[in-house]
Structure formats: C-alpha cells, structure tokens
1. Considering only the range 98-111, I want to know if a residue exists there that is more than 21 Å from K133 (Cβ to Cβ) and exposed (fewer than 13 other Cβ atoms within 10 Å of the Cβ).
2. Pairs please, first residue from the range 157-178 and touching a residue at least 40 places away in the same chain (Cβ under 8 Å), second anywhere and of a type in the set (S, T, N, Q) and open to solvent by 40 Å² or more (accessible area, probe 1.4 Å), Cβ atoms under 6 Å, 6+ apart in sequence or on different chains.
3. Taking the options S139, S114, name whichever one is at pLDDT 95 or above, under 20 Å from the mean Cα position of the chain (by Cα) and open to solvent by 20 Å² or more (accessible area, probe 1.4 Å).
4. Looking at (1) of a type in the set (S, T, Y); (2) more than 25 Å from N350 (Cβ to Cβ); (3) at pLDDT 95 or above, which is the one condition that is false for T213?
5. Run down Y346, Y402, Y360 and say which single residue is at negative phi and at pLDDT below 95.
6. Only one residue in S302, S292 is farther than 30 Å from T389 by Cβ, touching a strand residue (DSSP E or B) at 6+ places or on another chain (Cβ under 6 Å) and modelled with pLDDT of 95 or more, so which one is that?
7. Name the residue that is modelled with the highest pLDDT, counting only residues in the range 255-278 that are surrounded by fewer than 21 Cβ atoms within 10 Å (Cβ to Cβ) and in contact with a helix residue (DSSP H, G or I) (Cβ under 8 Å, 6 or more places away or on another chain).
8. Name the strands (runs of 3 or more DSSP E) wholly inside the range 329-368 in which the number of residues that are surrounded by fewer than 16 Cβ atoms within 10 Å (Cβ to Cβ) is 2 or more.
Amino acid sequence: MKNYALMFMLLMSLFSCKKDVVAEEKDEKIVVEIQKEAQTEATATVVNVTPSTVLDASFWSGIQTMLQTNHVDVVFADGTYNIASTITLSNIGSATKRLQLKANTVGAAVLTGSIAKLMSLNNCQNILIHRLKFTGAVSEYALVIQRSPNITVAYCRFENMPNLYYGAVGAHYPTSNNIIIRQNQFSNIGVGSTAHMIYGAFGVKRLKILENTFTDCSGSFIRFRGDNSTHGVVYGNTFNSTGTYMVNGTGVNPIFVEVPVFNDVNPGDETFGTSFMVTKNNFNYATIGNQSTRYALAFHHSGFNPTGRTHLISVADATTLGSGTVAEKRAIMSSKLGLDGTKILYGGNNNVNLSTHVVYRCWEAYGATAPWTGVVSISSAVSSTGLATTYDEALVFYDDLY
C-alpha cells in the first residue's frame with residue numbers, strides 16, 4: 001500500500017511538471033523534432049549575450065567562424081534589449097551547422113526600439129530564432145528575412161507594435177525557401193492596411209505557417225504577395241479578430257489570408273502564386289467592427305493586367321465565377337487569372353462569423369480601368385482533398401517538389 005501511494009505521488013508529480021511545460025510551450029509535441037533539436041543543443045557552442053552586448057558585424061563574424069566547426073547557440077539573457085540600430089545578420093549560417101538565437105524562457109528576452117527594424121537576416125541560412133519577444137515602437141518590421149533559406153521562427157512573441165507599416169515578420173524573395181513560422185503568438189500589430197502579422201513577398205517559396213495564434217492586425221493577417229510567391233502552407237493556426245483594433249477610428253476585421261498582386265505598371269509585373277494549402281485553422285471574426293472583409297482566403301488584384309493574363313475580368317466572367325459550375329469557374333480562373341483550382345487546397349477549418357471562405361477580389365488602381373470591380377466567391381472551385389492531416393505532414397508539405 002505504501003509503495004502504491006509513493007507511485008501515485010510520483011505520477012502526479014510528473015503530470016504536474018508536464019502541465020507546466022505544456023503551459024509554457026503548449027504544442028512542442030513532435031517527439032522526433034524535439035529529440036533532434038535537443039541533440040543539437042547538447043553539442044552546440046554556447047555564446048551568452050546580455051542587453052549590454054554589442055551585436056554588430058564583428059560579433060556576427062565571430063559567430064560565423066564558430067559555425068565552421070560546430071552548431072552555435074546565441075543565448076539572450078532575460079531582460080529588455082533597447083535596440084538602437086537593427087540587429088543585422090548578413091551572410092551568416094552554415095548548411096550543416098545550425099545557428100540558434102534563443103532565450104531560455106519564452107518572452108523573457110525582450111527586443112524593443114523606436115527604429116525601422118529590430119532584426120534583419122539577409123543571405124543567411126539554417127537559423128532557428130527561438131523564444132524571443134519583439135515589441136515596441138518599431139516602424140517597418142520586427143523581423144525581416146530576405147534571400148535566406150531554411151529559417152525557423154518558433155515560440156516567439158510579436159506583441160503590441162501599433163506603428164508597424166509592413167509586418168511583424170517579413171519573408172522575401174525566391175531564395176527565402178522553406179521559411180517555417182511555428183507556434184508563435186502575434187497580437188496587436190500594425191498602423192494600417194499595409195501591415196501584416198506575416199508578410200511573404202516577391203517570390204518567397206514554401207513559407208509554412210504552423211500552429212500560431214494571431215489576434216488583431218490592422219491589415220490582412222497573412223500575406224503571400226505576387227511575383228509568384230507560392231507553395232504556402234497555413235496549418236493549425238488560430239486567427240482572432242475582435243473587431244476592436246482601431247484603424248482611422250474604425251474597428252477592423254481584416255482578411256485572414258491574402259494572396260494579392262499590385263500592378264502599378266502597364267503591363268503588370270506581378271502574378272499570383274499558384275499553390276497553397278490552408279487547413280485545420282480556427283477562423284474567428286467578431287460581430288462588431290467592420291463586417292465587410294470577413295474572408296478566410298482572398299486572391300486580390302489591383303492595377304493593370306500582367307502579360308498573358310486578364311485579371312481585370314469582364315462582368316460576364318465575374319458572373320460565371322459567382323454562379324457557374326465548378327468546371328466553368330476553374331476555366332476562367334485558369335485562362336484569365338493563372339490559377340488552378342485543384343492546386344488551391346482549402347478545407348477542414350473551423351469558422352466563426354466568416355462571410356466567405358475563398359474569394360477573388362478586383363479593384364481599379366494606378367490608372368487602370370476595370371470592366372468589373374468587386375468580390376466573388378470561388379470557394380466551390382478550389383479543392384478540399386489532398387490536405388495535410390497532421391503537423392508532421394504540414395511541416396514537409398511541398399518538400400517533394402524542391
């Protein structure tokens with residue numbers, strides 16, 4: 001009986017510890033991934049930094065030298081880092097040795113500053129940014145990733161940045177391939193419609209957005225902008241728009257996931273990305289605030305037609321997109337918009353106060369004249385098959401194409 005009691009107490013202790021870990025990093029549950037990362041951390045060279053450390057080009061040059069022989073963990077001590085100039089990593093990283101920028105506790109190392117960007121990665125590779133918090137009066141991006149493959153941002157906090165003009169996280173250009181944004185929290189982001197929680201643009205490939213929580217943004221929460229930014233994954237996230245985030249005196253409920261092109265030259269030079277998978281997300285809109293843009297996934301065009309495409313569709317084509325058969329809708333999407341409905345994978349999402357699942361929206365802009373402007377549902381013309389059903393599947397989705 002005494003042994004049974006001791007065993008029960010031990011089990012309860014273990015369960016309590018497990019609950020504490022889950023509360024801190026609620027979804028770090030992929031055992032193989034955790035074990036692999038733990039093994040890497042155990043063998044990494046550790047470099048400790050504090051708010052007084054100068055994180056300049058000389059510092060990162062030293063880190064690059066270390067990466068020639070070993071994995072490196074740059075560990076940010078708890079505290080507030082008042083950033084006076086952007087933490088810039090340029091040509092940093094190794095294909096075989098991983099660099100991690102991390103805090104030991106989620107959100108305990110706080111990066112803030114009244115500057116354009118808090119952190120910038122350019123021509124980098126194989127970097128994990130882990131548990132850092134970004135906040136404050138930053139004006140352009142909290143974190144921008146450019147021309148940098150195999151970057152992961154995990155368990156970070158992006159909170160209370162009302163001055164951001166572009167995004168909390170930016171991922172830009174085709175060589176920014178396989179960018180994974182997973183299990184982070186985003187809230188209260190942006191100054192207007194140009195600002196996003198995650199801004200993928202200019203040909204980014206395999207931008208994978210997994211199991212994050214998003215609450216209140218001034219612009220569309222996630223953007224995959226033009227120039228064939230494609231093979232995007234949006235899996236297992238929670239999107240909350242409370243209708244109380246104010247832009248120009250109005251509570252907004254922006255589009256959750258947007259694929260836009262902005263063609264300000266004639267002919268246009270931006271085309272839509274063609275392949276996306278959006279599944280197992282919670283899309284939650286408030287019943288207060290602006291109710292006109294409650295779309296889960298929107299393909300948006302502004303400006304002139306790009307070469308070989310007719311984004312400025314006719315009234316008749318818009319009517320067919322809205323009320324035609326699936327085959328008729330897909331024919332217009334393919335011939336006019338360059339979109340293949342079988343490659344837009346959407347389904348298995350939970351929706352609260354959602355107006356429409358998937359739409360095409362066309363606006364006049366930059367001097368272009370459109371025969372039709374408006375919003376039309378293309379929900380029935382996309383595919384609900386072939387979706388990832390687990391985190392593991394979503395993590396490697398589209399990898400067999402690259």
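1. No, because not a single residue in the range 98-111 is more than 21 Å from K133 (Cβ to Cβ) and exposed (fewer than 13 other Cβ atoms within 10 Å of the Cβ).
2. Pairs found: R157/Q185; N178/N150.
3. Exactly one of S139, S114 is at pLDDT 95 or above, under 20 Å from the mean Cα position of the chain (by Cα) and open to solvent by 20 Å² or more (accessible area, probe 1.4 Å), namely S139.
4. Status for T213: all satisfied but (2).
5. Matching residue, one of Y346, Y402, Y360: Y402.
6. Exactly one of S302, S292 is farther than 30 Å from T389 by Cβ, touching a strand residue (DSSP E or B) at 6+ places or on another chain (Cβ under 6 Å) and modelled with pLDDT of 95 or more, namely S302.
7. Residue satisfying both the conditions and the ranking: S275.
8. Correct list: 350-352.
The values are calculated or read from the model by the stated rules, or taken from the named source; none is laboratory data. Worth saying up front: this structure is predicted, and the values here are computed from it rather than measured. Neighbour counts run over all protein chains shown; Cβ positions are idealised from the backbone, glycine included. With ligands, DNA and RNA removed, areas are computed over all heavy atoms of the protein, side chains included. Shrake-Rupley method; radii C 1.70, N 1.55, O 1.52, S 1.80 Å.
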